[in-house]
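Contents: one structure, followed by commentary.
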């Protein structure tokens, strides 16, 4: 059947940019330039001053240059271990025949670190495996120094391996089982089939997962502060330069040293991500994924994944225990004073501020994500690639770099010819006590999730649906609101989930922007940890996880109801670097 030909007027309307979408394009470009490009450019310009060159020289030569080497070593080790764990869980989940309940348990344990503060496991590791740990000292009677590289590798690998797990599980499910069947019919063993067929197809996904975890490790701030010990990395040195000495120049230099490898890895990741999308020669798989039939191998893989899952249970169980006892490991008397401190005392303001700021940022990030996705995928204007790249900088640039950039760009009003371009946003004198700057950073960091999810959904929708709307006289804005948005509703709500979870657990960027009048929970967790008030820190962690899980549960319920009536979009979130 031949598709209907659009009338000349309809074709003109489709080619033209509707005034409403023109405004949306202007808002999207302004957002990218002001909230993303300008802060990063401010940091770069500051680091290019003559006073910055001695600082560059100091950190690029021994002994201070060891900090860069330490950071890269940590990223490589955590990237390797995290990718291995992610592959283990993905392979067991897709290829190993197990009871559904056991697979669901391991799946949940693999996703729990996503909804918790990035350094929650560090607190639990100190209690369990520290110098006076419940397991190392009390149970095994050994003295183990958790602080430094060993502890960082342990907690970061457990915190970040879900990034690789989500990617690899999707790729394993997308592989065409006919490929394995063809290799087997030609006489290849299961191991040879895995080594010569499955693994080469997964290499782009493995590389993508490794690079994402590498960037997450480079950008992480909470774990190096809590567990770094004498193992110095760039983010911790940057934190003390800003918070301890308020040396913005040194902070800008360290930010550049952190930004350059992150951007390089991001570009390499984009290359592998594009290759990773081509994993099945026939399109939709023709059957169920081939299951692992070699029982000894299946038993080893299942046992390893189960042990890691139980370790996650143990560590998060310690967090819950620490929240309801006087002092976990010393005095296990049941108490609710820690929750009283958080919910009815000093901590209540941090809880309310975090929830309010995240609730404000979530719809903004979700809407911006789908609007930019529509402009990039459906737009017919020059610079679409630049707009997409600019928005994705929100996840490619480490959070600490944005924190420094906002301090440099918005700490004082920017004036040109006596006209104030940007008001002061940071500090107590900033808009709403600096809350506007924090919301902006939340939106910047969360928009890429909605953008990628929305773009993936739009690519599944036939353009003739929109053309039919235009041919009936609707403008582009009406078509987007009444046709496109309902079709990509699951992807839109996925962006909301990603945005809220990311905002609630963020620390690297906003820790430099909080003020006495505007506090966030992750910063308070870090403060309580540094003051050795672990009970309060654990209570904060539990409440934060509960809030995020409740919000995700509500949004997933909405996604479920919408997906039953509309199958046009895939609600699986796209994970990015923190």
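The values are calculated or read from the model by the stated rules, or taken from the named source; none is laboratory data. What you see is a predicted model; the values in this text were computed from it and never measured. Heads up, the Cβs are rebuilt from the backbone with ideal geometry, glycines too, and the neighbour counts pull from every protein chain shown.
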Just checking, how many residues over segment 198-237 are farther than 15 Å from residue 162 by Cα, at pLDDT below 85 and surrounded by 17 or more Cβ atoms within 10 Å (Cβ to Cβ)? 4
Please determine whether any residue of segment 480-492 is in the same structural domain as residue 356 (by TED's automatic domain parsing), touching a helix residue (DSSP H, G or I) at 6+ places or on another chain (Cβ under 9 Å) and outside any helix (DSSP H, G or I). yes
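Residues of segment 42-59 being surrounded by fewer than 18 Cβ atoms within 10 Å (Cβ to Cβ) and touching a residue at least 12 places away in the same chain (Cβ under 8 Å), which ones?
Going through segment 42-59, the residues surrounded by fewer than 18 Cβ atoms within 10 Å (Cβ to Cβ) turn out to be 44-45, 48-54, 56-58.
Result: 44, 49, 51, 52, 56.
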Quick check on segment 18-56: of everything there that is more than 33 Å from the chain's Cα centre (by Cα) and under 28 Å from residue 371 (Cα atoms), which residue is modelled with the highest pLDDT? 19
What are the residue pairs meeting all of these: first residue in segment 248-268, first residue not assigned by TED's automatic domain parsing to the domain that holds residue 412, second residue outside any helix (DSSP H, G or I) and crowded, with 18+ Cβ neighbours inside 10 Å, Cβ atoms under 7 Å, and 6 or more apart or on different chains? 258/398; 259/397; 259/398; 262/397; 262/398
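Name the residues in segment 209-247 that are touching a residue at least 40 places away in the same chain (Cβ under 8 Å) and over 28 Å from residue 84 (Cβ atoms), would you? Show your work before the answer.
Kept after step one, since they are touching a residue at least 40 places away in the same chain (Cβ under 8 Å), are these residues of segment 209-247: 209-235, 237-239, 242-243.
Matches in segment 209-247: 237, 238, 239, 242, 243.
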Search result, residues across segment 116-152 that are surrounded by 21 or more Cβ atoms within 10 Å (Cβ to Cβ) and either over 16 Å from residue 534 (Cβ atoms) or touching a strand residue (DSSP E or B) at 6+ places or on another chain (Cβ under 6 Å) (or both): 118, 152
Would a scan of segment 435-442 turn up a residue that is without any contact (Cβ under 8 Å) to a residue 60 or more places away in the chain, within 26 Å of the chain's Cα centre (by Cα) and surrounded by fewer than 21 Cβ atoms within 10 Å (Cβ to Cβ)? yes
Does residue 514 meet the test of being crowded, with 17+ Cβ neighbours inside 10 Å and either within 30 Å of residue 243 (Cβ to Cβ) or modelled with pLDDT of 75 or more (or both)? yes
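Out of 497, 545, 465, report the one residue that is crowded, with 21+ Cβ neighbours inside 10 Å and in a helix (DSSP H, G or I). If you could, list the steps in order and put the result at the bottom.
Details: 545 fails: crowded, with 21+ Cβ neighbours inside 10 Å; 465 fails: crowded, with 21+ Cβ neighbours inside 10 Å.
The conditions single out 497.
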In this structure, is residue 89 buried (at least 22 other Cβ atoms within 10 Å of the Cβ) and over 30 Å from residue 425 (Cβ atoms)? yes
Residue 304 vs. criteria buried (at least 19 other Cβ atoms within 10 Å of the Cβ) and either part of a helix (DSSP H, G or I) or at positive phi (or both): no
For residue 329, state whether it is surrounded by 14 or more Cβ atoms within 10 Å (Cβ to Cβ), at pLDDT below 90 and not assigned by TED's automatic domain parsing to the domain that holds residue 93. yes
